[in-house]
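Inspection log for the structure reproduced underneath, given as structure tokens.
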Amino acid sequence: MAGSRVTLFFALLTALQCCGCSAGGDMPRDRLGALPFPGRFTLYATADPVHLGTHRYERLPRALGEDEKEHGIIYTTRAGFIDLAHVRIAIDWTRHCTRMAREALAGGRTTLAVAGPDHGVFHVTLDYPNEWADLPADERGRVVDATSHRIGQRVTYLMLTWHEVATWFGYRSFFFDESRSAFTYDDTVATLLGMRVAERAMAEMKGDVDREFDAAATAALDAELRRLGPVTPAQTDQAVRAVAGLWWSAEGPLKRQTDVWPGEVEVVHPWLVPNLPFAEGAGEAETFALPCERGPVDARTAVAVRISIEPRIGEAAAMRALLPGRPEWFSEERDVLTLLNAMRGQMRERYGADFGRPGPEAAVAHSTK
């Protein structure tokens, strides 16, 4: 009977997520994610990379034609554990934020407010160069397109990182503690992979209708996963079991991947499980570039961008107490890093000094904090 109640409960959660009850009607829909290990309330499942179905940006399920199929965790030999739900969420938010940024820039607006998940609102301030109005229309169009993609990437990465921070500090989408899911080693790589897929899909689209994006995203996701070396569900489960007691236990995760913030690092390195027989000869680990500004800036065309989070959750009060001046809105440039450092300190106390290191057993060719 208890098992039936649990099954019914998670069926309800899945229905709520699929219907997008945590998001507004004009926002990308949620998917139900999983932790990269089995246990109570982890929703752990392995996904088959050859049966992922067709990506769906739209809110309503397809009545005809193929829809999204698999959900859960996929292990890849070059990018480690990947949560498929996080990938798809990042795909859709990247497109959504890029489109909103393009509309704001094309209209010459100086502010943009993006309503995100977890009740947050992400306020973007746009400071145009003095010569903006004098730029030829074709040149300004190219700048608008390139800048909107950079803003879309930054806002998406910020909002999905904010979700991890908020859950650590106690925010709950539903009724149970979600802090176990904050910054697990399948999350950030999945987010960056989804952002990469979205950029590739948008570049290959001829129009901007949802069905064209779905087809392009489906093809791009398949191509990116193939390059990263996805394994079978049985092999994913084998990889999960190989780090039992090292990265996770029955109580929850023992490790967290928190070296993920632009300015501290430029790329994220996935955590690879060592000595897996099916991963021999897989090649070097992939690296995932973070969405930060690089290279020289053209003063004629560069639009300065600042982003702040309006945290409309009760847990923001505890976070605010950790920040100088207790700001109402949290700055991407300053406050998020302060919160990350406070979180790392709490994780260090709970899990030990090596909480952010995969350990000497892991084949990760880089150093972490």
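State whether the residues of the range 77-89 include one that is of a type in the set (D, E, K, R), touching a residue at least 40 places away in the same chain (Cβ under 8 Å), over 21 Å from Thr287 (Cβ atoms) and buried (at least 23 other Cβ atoms within 10 Å of the Cβ). So far as the range 77-89 goes, yes, one or more of its residues are of a type in the set (D, E, K, R), touching a residue at least 40 places away in the same chain (Cβ under 8 Å), over 21 Å from Thr287 (Cβ atoms) and buried (at least 23 other Cβ atoms within 10 Å of the Cβ).
The rows are residues; the columns are (1) of a type in the set (Ser, Thr, Tyr); (2) under 19 Å from the mean Cα position of the chain (by Cα); (3) part of a helix (DSSP H, G or I).
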residue	(1), (2), (3)
Val189	no, yes, yes
Leu193	no, yes, yes
Arg196	no, yes, yes
Lys206	no, no, no
Glu212	no, no, yes
Gln235	no, no, yes
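Within the range 110-135, the set of residues being surrounded by fewer than 20 Cβ atoms within 10 Å (Cβ to Cβ), of a type in the set (A, V, I, L, M) and over 15 Å from Ser331 (Cβ atoms) comprises Ala113, Ala115, Leu126, Ala133, Leu135.
If you go through the range 241-255 and pick out every residue that is crowded, with 22+ Cβ neighbours inside 10 Å and out of contact with any Leu (no Cβ under 8 Å at 6 or more places or on another chain), you end up with 1.
Do the conditions hold for Thr125, that is, is it under 25 Å from Asp186 (Cα atoms), at pLDDT 95 or above and either assigned to a strand (DSSP E or B) or of a type in the set (S, T, N, Q) (or both)? So Thr125 fails the test. Tallying residues that are out of contact with any Lys or Arg (no Cβ under 7 Å at 6 or more places or on another chain), within 21 Å of Asp92 (Cβ to Cβ), among the charged types (D, E, K, R) and without any contact (Cβ under 8 Å) to a residue 40 or more places away in the chain within the range 38-68 yields 1.
With respect to Glu103, is the statement that it is acidic (Asp, Glu) and outside any loop (DSSP other than H, G, I, E, B) true? Yes, satisfied. Per the conditions (1) touching a helix residue (DSSP H, G or I) at 6+ places or on another chain (Cβ under 9 Å); (2) of a type in the set (Gly, Ala, Ser); (3) closer than 30 Å to Arg350 by Cβ, the sole criterion not satisfied by Ala250 is (1).
Which one of Ser179, Ser148 is touching a Phe, Trp or Tyr at 6+ places or on another chain (Cβ under 7 Å), among the hydroxyl-bearing types (Ser, Thr, Tyr) and either more than 30 Å from Leu254 (Cα to Cα) or free of Cβ contacts under 8 Å to residues at least 60 places away in the same chain (or both)? Before the answer, list the steps.
Details: Ser148 fails: touching a Phe, Trp or Tyr at 6+ places or on another chain (Cβ under 7 Å).
Checking each option against the conditions leaves just Ser179.
Give the range 83-100 a look and list any residue that's assigned to a helix (DSSP H, G or I) and acidic (Asp, Glu), or say none. Hit for the range 83-100 is Asp92, nothing else.
Looking for whichever is of a type in the set (D, E, K, R) and modelled with pLDDT of 95 or more here; the options are Glu293, Glu284, Glu328. Which one fits? Only one candidate qualifies: Glu328.
Which residues, counting only those in the range 294-348, are of a type in the set (A, V, I, L, M, F, W, C), part of a loop (DSSP other than H, G, I, E, B) and in contact (Cβ under 8 Å) with a residue 60 or more places away in the chain? Of everything in the range 294-348, those that are of a type in the set (A, V, I, L, M, F, W, C), part of a loop (DSSP other than H, G, I, E, B) and in contact (Cβ under 8 Å) with a residue 60 or more places away in the chain turn out to be Ala299, Ala302, Val303, Ile313, Trp329.
Among the residues of the range 58-93, those identified as at pLDDT 95 or above and closer than 23 Å to His149 by Cα are Leu84, Ala85, His86, Val87, Arg88, Ile89, Ala90, Ile91, Asp92, Trp93.
Against the definition (aromatic (Phe, Trp, Tyr), buried (at least 20 other Cβ atoms within 10 Å of the Cβ) and within 26 Å of Ala353 (Cβ to Cβ)), how does Tyr185 come out, yes or no? Before the answer, list the steps.
Numbers: aromatic (Phe, Trp, Tyr): yes; buried (at least 20 other Cβ atoms within 10 Å of the Cβ): yes; within 26 Å of Ala353 (Cβ to Cβ): yes.
When the stated conditions are applied, Tyr185 passes them.
Scanning the range 268-303 for residues that are under 24 Å from the mean Cα position of the chain (by Cα), under 30 Å from Ser148 (Cβ atoms) and surrounded by fewer than 14 Cβ atoms within 10 Å (Cβ to Cβ) gives Glu293, Arg294.
Being in a helix (DSSP H, G or I) and either of a type in the set (Asp, Glu) or more than 30 Å from Arg344 (Cα to Cα) (or both), is that true of even one residue in the range 157-167? It would help to see each step written out before you state the result.
The first filter runs over the range 157-167 and keeps only residues in a helix (DSSP H, G or I), leaving 157-167.
Those left that are additionally either of a type in the set (Asp, Glu) or more than 30 Å from Arg344 (Cα to Cα) (or both): 164.
Yes: one or more hits.
None of Leu225, Leu272, Leu221 is in a helix (DSSP H, G or I), within 19 Å of Thr188 (Cα to Cα) and in contact with a Gly (Cβ under 9 Å, 6 or more places away or on another chain) except Leu221.
The values are calculated or read from the model by the stated rules, or taken from the named source; none is laboratory data. Treat the numbers as computed from the prediction; the structure is a model and nothing was measured. In this analysis, Cβ positions are derived from the backbone assuming ideal geometry, glycine residues included, and neighbour counts consider all displayed protein chains.
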